[in-house]
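Everything on this sheet refers to the single structure shown next.
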Amino acid sequence: MLSKILSATLIGIDAHTVEVEVDITSKGLPHFSTVGLPDASVKESKDRVRAALKNTGFNFPLKQITVNLAPADIKKEGSAFDLPIAIGIMVAEGVIDADAVKGYLISGELSLDGRIKPVRGALSMALKAREDRLKGLVLPRQNAEEAAVVDSATVYGFESLPELIEFFKGMNGVEPAYIDISAVMKENSVYQDDFADVKGQEHVKRAIEVAATGSHNMLMIGPPGSGKTMLARRIPTVLPEMSFDEALQTTRIHSAVGLLNHGQSLIATRPFRSPHHTLSDVAMVGGGAVPKPGEVSLTHNGVLFLDELPEFKRNVLEVLRQPLEDGSVTISRALTSITYPASIMLVCAMNPCPCGYLGDTRHQCTCSPFQVHRYRQRVSGPLLDRIDIHVEVPAVPYKDLSKDYCRETSENIRRRLQHARQVQIERFRKDSIYSNAKMRSKHIRKYCVLNSEAQNIIETAMHKLGLSARAYTRILKVSRTIADLAGSNDINAEHISEAIQYRTLDRGTL
């Protein structure tokens, strides 16, 4: 007898419907074969399914069993086909009525004792089930809340294979999973870090506020122990609160990779990832035989922090150019091409020299000018082109460390920049961008008009400091953000002056 069960496989972060066809015949010797371009883990399903059925009191048919995963030209991977294959065998053997499983998308891994274990990509499967207007989505109990965040998707979660078989036979009434989106968003949007923990470094906090307002990439330069990492970890806490759509996008990527914590249904805080400088270019942007998301995609809608920037391999920094420009990563292979979202704010940190103490009043630098030059040359020029703000982070003096005073919290800073970010959203509503950092030449000409006093200041800076054309463009973008923070429609002299201060490397002051 032939049975057909709907399931899904992940390609990138998107779920694609797979029809699991199970044919059982008594002719010939007992045999179990799986076709339809399965990988090794899918082929091993037959052993898990056989043991799960036997250990839960069901008979595994000693017949010729052929499982076809259609469409046959798409690579199938993972253990999520265990459950649909088991249900397909039960339908083909007449244990479950074929009409009972129609309209359900089924996915799950089977343990040898019949327990249903969680799978990757449940959120993408729920989106696919809603798109195809299916009757319901059958998942492991641990994935049910994650998938239930998708509005209009009916999700059923099960602990064991016998429980699911009873459901399809009408012997138990399992209720669909329900989740209160607003409560989950509120519960999961709490950050553990706060800018109130940071002592001193007021000028760096101001630079971070400007960078977060305009989504500008940022480079912090300072000696070891000056607080660069501590400051960077608190940048997500002042970024605008995540919308539900942003939370859904971010959760979907983490779900596809299997990085969601147990019981976590939604990621409502902006991601912060700080990869080690020894990672490869594939780990940074994604890839592999079956392409997986990399660090830039896992940081989507958040902050990617590269500490000790000159220590990263040059090819790793070079591959960042596309995601910083386009907000996405495209990985091409012989059989497929996959695009992952990668809208990030890049924050970097580095020492001013190899020993770290160039310009520090408390330690003497032991580096020669040649060593300093060679150290900075490790940072890719094209990458520096995409960093709008360079700021010095000096060592914190003792009087600031010992002083006990009321410091501004992340919530207050976020509230202040939220209005300026909304101004940008309204300004670029027709241009498919959302921040000043994404402005192109036509936007700069339209929204960065300078009065005569501001023009004189930037002209003087260009000549006396030897600023480049790229620095000129970055200064205009940052000054537009500073003006937005001040609630000004025009870019004034004080806005230009502050923006010039955020070009440390171009000024050559270190």
Between 0 and 90°, nearest 10: helix 410-427 axis offset from the chain longest Cα axis: 90 degrees
Which order, highest average first, do 487-495, 137-145, 3-11, 460-468 follow once you tally other Cβ atoms within 10 Å for each residue and take the mean per peptide? 137-145, 3-11, 487-495, 460-468
With +1 on the Cβ of every Lys and Arg and -1 on the Cβ of every Asp and Glu, the dipole magnitude of region 297-436 about its Cα centre, in debye rounded to the nearest 20, is 140 debye
Given Cβ charges of +1 for Lys and Arg and -1 for Asp and Glu, the option among 305, 339, 319 whose Cα lies farthest towards the positive end of the dipole of region 293-379 is 319
Here FRET efficiency (C-beta to C-beta, residue 456 to residue 432, R₀ 35 Å, nearest 0.05) is 0.50
How far is it, in nm, from the label point at residue 244 to the one at residue 400 when both lie 7 Å from their Cα along the line to the Cβ? 4.2 nm
Once both labels are modelled 7 Å past Cα along the beta-carbon direction, what's the residue 229-residue 441 spacing in nm? 4.3 nm
The chain, relative contact order [Cα under 8 Å, separation at least 6], %: 13 percent
Going toward the positive end of the dipole of the chain, with +1 on Lys and Arg Cβ and -1 on Asp and Glu Cβ, which of 1, 156, 283 do you reach last? 283
For residue 155, residues with placed amide H under 5 Å, excluding near neighbours: 137, 177
Inter-part gap, Cα centre of region 455-477 to Cα centre of region 262-280, in whole angstrom, is 37 Å
Just check region 208-309 against the gyration tensor rule for me: Cα atoms, a ≥ b ≥ c as the square roots of the eigenvalues, rounded for a/c under 1.5, and otherwise prolate or oblate depending on whether a/b exceeds b/c. oblate
So if I place +1 on the C-beta of Lys and Arg and -1 on the C-beta of Asp and Glu, and nothing else carries charge, what would the dipole magnitude of the chain be about its Cα centre? I want it in debye, nearest 20. 1240 debye
Cα centroid distance between region 165-193 and region 370-395, in Å? 48 Å
Taking the Cα centre as origin and putting +1 on Lys and Arg beta-carbons and -1 on Asp and Glu beta-carbons, what dipole magnitude results for region 409-483, to the nearest 20 debye? 360 debye
Label points 7 Å out from Cα along the Cβ direction at residue 16 and residue 374: separation in nm? 5.0 nm
By average C-beta atoms within 10 angstrom, highest first, the peptides 261-274, 82-95, 148-161, 201-214: 82-95, 201-214, 148-161, 261-274
With all protein chains present and a 1.4 Å probe, how do 313, 117 order by accessible area, largest first? 313, 117
Give the accessible area for residue 166 in Å² (nearest 10); use a 1.4 Å probe, count only protein heavy atoms, and leave out ligands, DNA and RNA. 80 Å²
List every residue whose amide H lies under 5 Å from the amide H of residue 272, counting only residues 5 or more places away in sequence or on a different chain, with H placed 1.01 Å from N in the peptide plane. 303
Quarter of the surface of the C-alpha convex hull for the chain, i.e. direction-averaged projected area in nm², equals 28.1 nm²
Would you mind getting me the FRET efficiency between residue 311 and residue 35? Use the beta-carbon distance for r and R0 = 51 Å, nearest 0.05. 0.60
Taking the Cβ-Cβ separation of residue 366 and residue 472 as r and a Förster radius of 35 Å, what is the calculated FRET efficiency to the nearest 0.05? 0.50
List the pairs from 75/128; 205/313; 102/135; 54/75; 43/75; 46/128 whose alpha-carbon separation is above 20 Å, in the order I gave them. 205/313; 54/75; 46/128
Protection-proxy order for peptides 279-288, 347-356, each taking the mean of Cβ atoms within 10 Å per residue, highest first: 347-356, 279-288
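The values are calculated or read from the model by the stated rules, or taken from the named source; none is laboratory data. Treat the numbers as computed from the prediction; the structure is a model and nothing was measured. All Cβ positions, even for glycine, are placed from backbone atoms using ideal geometry, and neighbour counts span all protein chains on display. Note: accessible area is taken over every heavy atom of the protein model, side chains too, but ligands, DNA and RNA are not part of it. Shrake-Rupley method; radii C 1.70, N 1.55, O 1.52, S 1.80 Å.
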